[in-house]
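Asks: Structure provided below as structure tokens; questions to follow.
Rule-based calculations on the coordinates, nothing more; no lab input. This structure is a prediction, so every number in the text was calculated from the model and none was measured. Cβ placement follows ideal geometry from the backbone for every residue including glycine, while neighbour counts extend to all protein chains displayed.
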Amino acid sequence: MIISKRVTIIKIRKPVEQNLNEELQWFGHSLGLFNMRDKDKSCFRIFIELLKSAKHEEGLSSDEIAEKVGISRGTAIHHINKLMEAGLVINDRNRYYLRVENLEHLIDVLETDLKNTCDELRKVAVDIDESLGL
């Protein structure tokens, strides 16, 4: 089971133009992965490299990611940690992988995680309501 720790869903207008790069950026922004402070889009570029490596079922080291994206290893690790916190990336023997084989499965996993979290919240809400006599 994959559990997303922290994902922020943001409703953003989908790009009108059907352009793979624009759609990937929209996808990531909609999941709260890329923010305005990331001026050189390092996190987005890391995400793309991890997508490419998923296609070949290969992991990447932080050094390889930094080299491919053209950033420092420290910056790469910062963004990788953010992607790991969101539950999108795993680390196995110092190699980083997307946790799922494709983006459609990612949405399925996030949807399941959200439903499970809402179910837990509902149970606690019922207990609290009963305790308060509501």
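Asks: Which entries of 41/82; 41/68; 14/41; 11/123; 11/52; 11/115 have Cα-Cα distances beyond 24 Å here? Please report the intermediate quantities before stating the final value.
Replies: On the way: 41/82 14 Å; 41/68 13 Å; 14/41 19 Å; 11/123 27 Å; 11/52 26 Å; 11/115 18 Å.
Beyond 24 Å: 11/123; 11/52.
Asks: Taking amide H atoms as placed 1.01 Å from N in the peptide plane, list the residues 5 or more away in sequence, or in a different chain, whose amide H sits under 5 Å from that of residue 89.
Replies: Result for residue 89 returns 84, 99.
Asks: Describe numerically, in nm with one decimal, the distance between label points set 7 Å from Cα along Cα→Cβ at residue 130 and at residue 92.
Replies: About 4.2 nm separates the two model spin labels.
Asks: May I ask for the angle, rounded to the nearest 10°, between helix 42-55 and the longest principal axis of the chain, with both axes built from Cα atoms and the value confined to 0 to 90°?
Replies: Orientation of helix 42-55: about 90 degrees from the principal axis.
Asks: To continue, here is another question. Per residue, how big is the convex hull around the C-alpha atoms of the chain? Give it to me in cubic angstrom, could you? Please report the intermediate quantities before stating the final value.
Replies: Values: hull volume 20.0 nm³, N = 134.
Enclosed volume per residue, from the Cα hull, is 149 Å³.
Asks: Just to be sure I understand the model, the point goes 7 Å from the Cα along the line to the Cβ. What's the resulting residue 103 to residue 26 distance in nm?
Replies: 1.0 nm
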